[in-house]
Amino acid sequence: GKTTSTVNVATALAFGGLNVLVVDIDPQGNASTALGIDHDPGTPGTYEVLLRGERIQDLAKQSPHSPNLHVLPATVDLSTAELELVNEPGRESKMKKALTAYIEESGVDYVFFDCPPSLGLLTLNALVASNEIMVPIQCEYYALEGLSQLWATVERIGADLNPGLRVSTMLLTMADRRTRLSEEVEAEAVSYTHL
């Protein structure tokens, strides 16, 4: 539910009159597709920001769904970025540097990252550039295992790379209040908010 949640919340805020940027940092590019942005191989976007130092301002595209919604597209080219970033100095904060310049120039109200489903240098760049994390949690048993791992990762990143980082929202997806499992996942998610 990461991409679905990102796209829907970002679009709703844009429809409400706020200026929103979605940074698609997942090589699959599903957020780009959902928001009507071309992301064929070779389309400039997140890859060029991370590896060539290009400006978000120059590459973000307006979504046809709202004039207030812009997208930095991801292409399959981004799949090699993990390997290419390994030896780069400051590799984990390249997006933060680019995003800081974008925010100062654009006056954007919200920035959302649609991350890949693993913790690599792409997700790390998103976490270092973020203030808050919204965690979509599918109401199923295995989501609970991932939640404890995510919490430990956020604490490590907060201690080492981004002291202001915090989980602000846990969004339950595919919840069915008629089932005990949904209730258990919700209770577990609430217990993490009190840590």
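For residue 127, the requirement of being open to solvent by 30 Å² or more (accessible area, probe 1.4 Å) and either under 30 Å from residue 183 (Cβ atoms) or without any contact (Cβ under 8 Å) to a residue 40 or more places away in the chain (or both) is not met.
With the checklist (1) surrounded by 13 or more Cβ atoms within 10 Å (Cβ to Cβ); (2) within 28 Å of residue 13 (Cα to Cα); (3) over 16 Å from the mean Cα position of the chain (by Cα) in hand, flag the one item residue 110 doesn't pass. Status for residue 110: all satisfied but (3).
Hey, among the residues in the range 39-81 that are touching a Leu at 6+ places or on another chain (Cβ under 8 Å) and of a type in the set (S, T, N, Q), which one's nearest to residue 109 (Cα to Cα)? Out of the qualifying residues, it is 68. Scanning the range 2-52 for residues that are among the aromatic types (Phe, Trp, Tyr) and under 17 Å from residue 85 (Cβ atoms) returns a single hit, 47. When the range 73-130 is filtered for residues that are part of a strand (DSSP E or B) and aromatic (Phe, Trp, Tyr), the ones remaining, listed by number, are 110, 112, 113.
Only one entry of 162, 125 meets the criterion of being over 22 Å from residue 70 (Cβ atoms), at pLDDT 90 or above and not basic (Lys, Arg), and that entry is 162. For beta carbons closer than 8 Å, sequence separation of 6+ or different chains, a first residue in the range 99-117 that is without any contact (Cβ under 8 Å) to a residue 24 or more places away in the chain and a second that is outside any loop (DSSP other than H, G, I, E, B) and surrounded by 12 or more Cβ atoms within 10 Å (Cβ to Cβ), the qualifying pairs are 103/111.
Do we have any residue at all in the range 45-52 that's hydroxyl-bearing (Ser, Thr, Tyr) and more than 27 Å from residue 167 (Cβ to Cβ)? Yes, the range 45-52 contains a residue that is hydroxyl-bearing (Ser, Thr, Tyr) and more than 27 Å from residue 167 (Cβ to Cβ).
Considering only residues in the range 1-42 that are buried (at least 23 other Cβ atoms within 10 Å of the Cβ) and of a type in the set (Ser, Thr, Tyr), the one that is farthest from residue 63 (Cα to Cα) turns out to be 6.
When residue 175 is tested against the conditions (1) within 28 Å of residue 47 (Cβ to Cβ); (2) part of a loop (DSSP other than H, G, I, E, B), the lone failure is (1). Put simply, of 133, 157, 137 the only residue that is closer than 24 Å to residue 112 by Cβ, at pLDDT 85 or above, of a type in the set (A, V, I, L, M, F, W, C) and outside any helix (DSSP H, G or I) is 133.
The values are calculated or read from the model by the stated rules, or taken from the named source; none is laboratory data. Just so it is clear, the model here is predicted, and its values are computed rather than measured. Cβ: placed from backbone, ideal geometry, glycine included. Neighbour counts: every protein chain shown. Side chains included, ligands, DNA and RNA excluded: accessible areas come from the protein's heavy atoms. Shrake-Rupley method; radii C 1.70, N 1.55, O 1.52, S 1.80 Å.
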